[in-house]
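Right, one structure below, let's go through it.
Every number in this text was worked out from the coordinates using simple rules, so none of it is lab data. No experiment lies behind these values; they were computed from the predicted model shown. In this analysis, Cβ positions are derived from the backbone assuming ideal geometry, glycine residues included, and neighbour counts consider all displayed protein chains.
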């Protein structure tokens, strides 16, 4: 094994079976050399949880248990390989819903033990970052990455493969969580992010002035509880006054307040670190307005904006396989007594 221009060069191809069950997607993937998807099977539970308006942890765990073996079989079949062709098993062990995590982790442990393969526990947030290595073959550290999803809003400086500096994170509601809550208040349904994105295209982003929380000077932390409360107050006040509510304008104005803060902080962080790239990851990275605004701001600053295709923005096992590869080539494996950590921090 050798390293050239930020890349690790192996003597042979490395095939990793990856498993992701941190929330409501059961996913298994085979990833070769950290960058090539040979398969990426995702069983989504959205239709199951939609009637509840959000993810029910116990239901999610049961659905993972029902589907995980089948998803793994499909993943191997699509990759045209067998268990004997694998070099390692990678699995998400946090953060996430503890019951859901345990289904994937227990399955991965059983496979690793039975097959005599090394087990690699992967941080879910790190997985989102690594989705960009799959999408952008030229991307290598260092760079600054914004991970924005239903449970996380992180600004991370990626110093090297597997080496991270947290520049900022959410103090209350994550961006995706705020999208879900406002979508529910507008009667749009679940999940909220794509629905807000869709109807916002029909509204005016400057119709209603909602607050932007930039916090202290120089802070890269996020806080979206204030704008969430402002939107809810606006809706309640309008209803009490009998005022017509234009859902499209509310969605567009709310979305703009979120996008402004996310994009401004990512660009500022990239400038501080002299990073040529500002990278997006996580479910909110699929938001079309965020991509549009960041591309515009990045162009003005000479910073290239990178993000994965939508399927790699959502929870998926391919990103876990990519992250697992970079641990594998450095000999960083996990013992079979590794446990699920619901609030696992990236470091």
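Quick one: Cα centre-to-centre distance for the range 283-322 and the range 145-221, in angstrom? For the range 283-322 versus the range 145-221, the Cα centre distance is 13 Å. Computed from the C-beta positions of residue 62 and residue 300, the FRET efficiency with R₀ = 51 Å rounds to 0.55. Applying 1/(1 + (r/R0)^6) with R0 = 41 Å to the Cβ-Cβ distance of residue 216 and residue 239, what FRET efficiency is obtained, to the nearest 0.05? Taking R0 as 41 Å, the efficiency between residue 216 and residue 239 is 0.75. Once you divide the Cα radius of gyration of the range 217-347 by 2.2 N^0.38 Å, the number left is 1.38.
Note the angle between two axes, namely the Cα long axis of helix 57-79 and the longest principal axis of the Cα atoms of the chain, as a number of degrees from 0 to 90, rounded to the nearest 10. Once rounded, the angle reads 50 degrees. Taking only the C-alpha atoms of the range 285-331, Rg followed by Dmax gives 14.4, 41 Å. Counting neighbouring Cβ atoms within 10 Å and putting the fewest first, the residues 231, 56 line up as 56, 231. When peptides 155-166, 261-272 are ranked by their average number of other Cβ atoms within 10 Å per residue, the highest-first order is 261-272, 155-166.
Cα convex hull, the range 140-309: 109 Å³ per residue, rounded to a whole number.
Distance between the pseudo-spin-label points of residue 87 and residue 201 (7 Å out from Cα toward the beta carbon): 4.1 nm. For the residues 172, 85, 260, a GNM of the chain with alpha-carbon springs under 10 Å puts the largest fluctuation on 85.
Please arrange 296, 167, 319 by counting, for each residue, the other beta carbons lying within 10 Å of its beta carbon, fewest first. Could the numbers behind the result be given before it?
Values: 296 11, 167 21, 319 34.
Sorted ascending by nearby Cβ count, the order is 296, 167, 319.
Arranged from fewest to most other beta-carbon atoms within 10 Å of their beta carbon, 293, 72 become 293, 72.
If you wrap the tightest convex hull around every Cα atom of the range 132-232 and split its volume per residue, you get 138 Å³. Take the Cβ atoms of residue 343 and residue 36, set R0 to 25 Å, and the FRET efficiency comes out at 0.20. Computed from Cα atoms, the angle from the helix 288-301 axis to the main principal axis of the chain rounds to 90 degrees.
So what is Rg over Rh here for the chain, counting just Cα atoms and using Kirkwood for Rh?
Taking Rg over the Kirkwood Rh, I get 0.99.
Helix 317-328 and the longest principal axis of the C-alpha atoms of the chain enclose an angle of approximately 50°.
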